[in-house]
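Values quoted throughout were computed directly from the atomic coordinates according to the rules given, and no laboratory measurement underlies them. Here the structure is a predicted model, which is why all the values come from computation and not from measurement. Cβ coordinates were reconstructed from backbone atoms using ideal geometry, including for glycine residues, and neighbour counts include every protein chain displayed.
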Amino acid sequence: MRVHTSLGQYAGGLLALALASTSLYSYNWLQFNGSAQHSGANHQERLITTANVAGLRRLFQVTLPSIADGAPAVLAGVSTSSGTRDLVFLTTKDGHILALDAHTGATVWSNQVGPGACHINNGSTVCYTTSSPAVDPTLLYVYSYGLDGYVHRYAVGSGAEVTGGGWPELTTSKAFDEKGSSALTIATTISGVSYLYVANGGYPGDNGDYQGHVTAINLADGSQHVFNTLCSDQTVHFVETPGAPDCAQRQSAVWARSGVVFDAETGKIYLATGNGDYAPTQHDWGDTVLALNPDGTGVNGNPLDAYTPTNYQHLQDADLDLGSTTPAILPTPANCNVRHLGVQGGKDSVLRLLNLDNLSGQGGPGHIGGEVSTLNVPQGGEVLTAPAVWVRARIGQTLVATNPTTWVFVTTDLGISGLKLVCGTNGTPMLQSVWKSSTWGTSPVVINDILFYATPTALRALNPTTGATLWKDSGGIGGIHWESPVIANGIVYITDESSHLTAYSL
């Protein structure tokens, strides 16, 4: 018997198969670059592969109330008033938190904590944020930075703000001088305690009375701890001079895309500062990488550990912020003589490998120098992005079980490069440049041997080991600032400077 199938029936069958496959492999992307390490490596994706990535096409493009200058979070299977839906969460520059349908872009709910009377440095420009949201480990709440200086908690399915027990949580007492630049981070310790980290720095132009700091919020009880990068012996939210409490020093910032990273193996969080005085005896930590306990505390008014380049004064004088990016944690090969490594970039175009167990190599904070090794950024340019870290465990279909390779991908205002972590005969870790391109872009992510990143007006997919182009959509998106792509459940999401959210699928 011959069976005739119409084109419509065939297409419908493919759609049903695709939706079934998506449901079968459904997973969540709960915060910037996927986890508290912010590696940008997605090991859960099954639908988009090197074999079919060239088939990506636009699924939808929607206009947002304002630019979302960050990255989305994705949560599957959320119960809403209109049924169970997969949701994309976005924080916009004007203080909106949006929940959109992950397959159509339709708005499911929205809230806004706008600037109100907040103007940058009490001038004429309205306050804004470039933060990204994060979803609670219980999957019940989504957190978003508000332009009132608080971080707010919302029910994922309805958008209702959940208050009480400390919420909303104060993160700055002077939102007009201190900007919420970085993505929100959530980390869960080995003991099961979860913390939300909110970083604050200054607005562009380096004006006003700001002291970069991180607020660590215990999600179980709403208690918080503040670590100030200037006057770190004062664990409070400073008010504007001449009020109290106050710090005589000013204009050190925590503003990198990742904000804070957590290394479960060392049990510490890491962050980096840009600008500000470096005076350890005065508890001032400008242009320094800092290690803290997961609850945001240090010891004796100082961080647990610190790394400061020997040329810190030049970095300060030339506005070459070390903290234009956050340390990226690198899985380390067995033949290396350092077990826990991080790579720190900066506006001075230098990549520094650091020993996360002993940042200066001299035991504790207050020392300068001590990096394991350094390398100039191959393509040059300021590192204003979050590097992606990928462990290549396969060559073709062959599993590399004994010695997988750690790769780092760095984008700057002058291009992108792929680097391998290698260890010499003496075991000293080094970064080795493998390829580079002059096509600049934003923070990259890696899935299934595919490197995605956004450039102005184009989303690109590259071979991570060669830099060769696998796919691109030129003209499909608007300009790019700090927006970066997210891949979840067979869909690629990217926001742009034209206030769009654009999605691509097979």
For the range 92-98, 3J(HN,Hα) per residue [Karplus equation, 6.51 cos²θ - 1.76 cosθ + 1.60, θ = phi - 60°, Hz, x = Gly/Pro]: 9, 4, 8, x, 6, 10, 10
Using a basic spin-label model with each label point 7 Å from the Cα along Cα→Cβ, how many nm lie between THR405 and MET430? 1.6 nm
Give or take rounding to whole Å, what are the principal axis extents of the alpha carbon atoms in the range 254-335, in descending order? 38, 29, 26
Cα gyration tensor shape for the range 219-367, rounded if a/c is under 1.5, else prolate or oblate: oblate
Taking the chain, how many lysine pairs are there with alpha carbons less than 29 Å apart, if each pair must be eight or more places apart or span two chains? 16
At the level of C-alpha centres, the distance separating the range 317-346 and the range 61-75, in angstrom, is 29 Å
Relative contact order for the range 393-506, counting Cα pairs under 8 Å that sit 6 or more residues apart, in percent: 16 percent
Can you show me the helix-derived [θ] at 222 nm for the chain, built from DSSP H runs with n ≥ 4 at -39,500 (n - 2.57) apiece and divided by the number of residues, rounded to the nearest 500. -1500 deg cm²/dmol
Relative contact order computed over the range 96-237 (Cα-Cα under 8 Å; 6+ residues apart), in percent: 17 percent
What's the long-distance tail for the range 36-195, i.e. % of Cα pairs beyond 27 Å? 29 percent
Of the convex hull drawn through the C-alpha atoms of the chain, the volume per residue in Å³ is 154 Å³
Run the quick spin-label model on THR374 and HIS43: label points 7 Å from Cα toward the beta carbon, then report their separation in nm to one decimal. 3.3 nm
Could you state the per residue volume, in Å³, of the convex hull enclosing the Cα atoms of the range 429-506? 107 Å³
Would you please classify the overall shape of the range 325-437 from the alpha carbon gyration tensor, given that a ≥ b ≥ c denote the square roots of the eigenvalues, rounded means a/c under 1.5, and beyond that prolate means a/b larger than b/c while oblate covers the rest? oblate
Output the relative contact order of the chain, whole-number percent, from Cα pairs under 8 angstrom with separation of 6+ residues. 14 percent
Can you tell me the orientation of helix 7-24 relative to the chain, as the angle in degrees between its alpha-carbon axis and the longest Cα principal axis, to the nearest 10? 40 degrees
Roughly speaking, what is the stretch gain from THR469 to ALA51, that is 0.36 nm per residue apart minus the C-alpha to C-alpha distance, in nm to one decimal? 149.2 nm
What is the list of residues in the range 278-295 whose amide nitrogen lies under 11 Å from a point 7 angstrom out from the Cα of ALA318, following Cα to Cβ? none
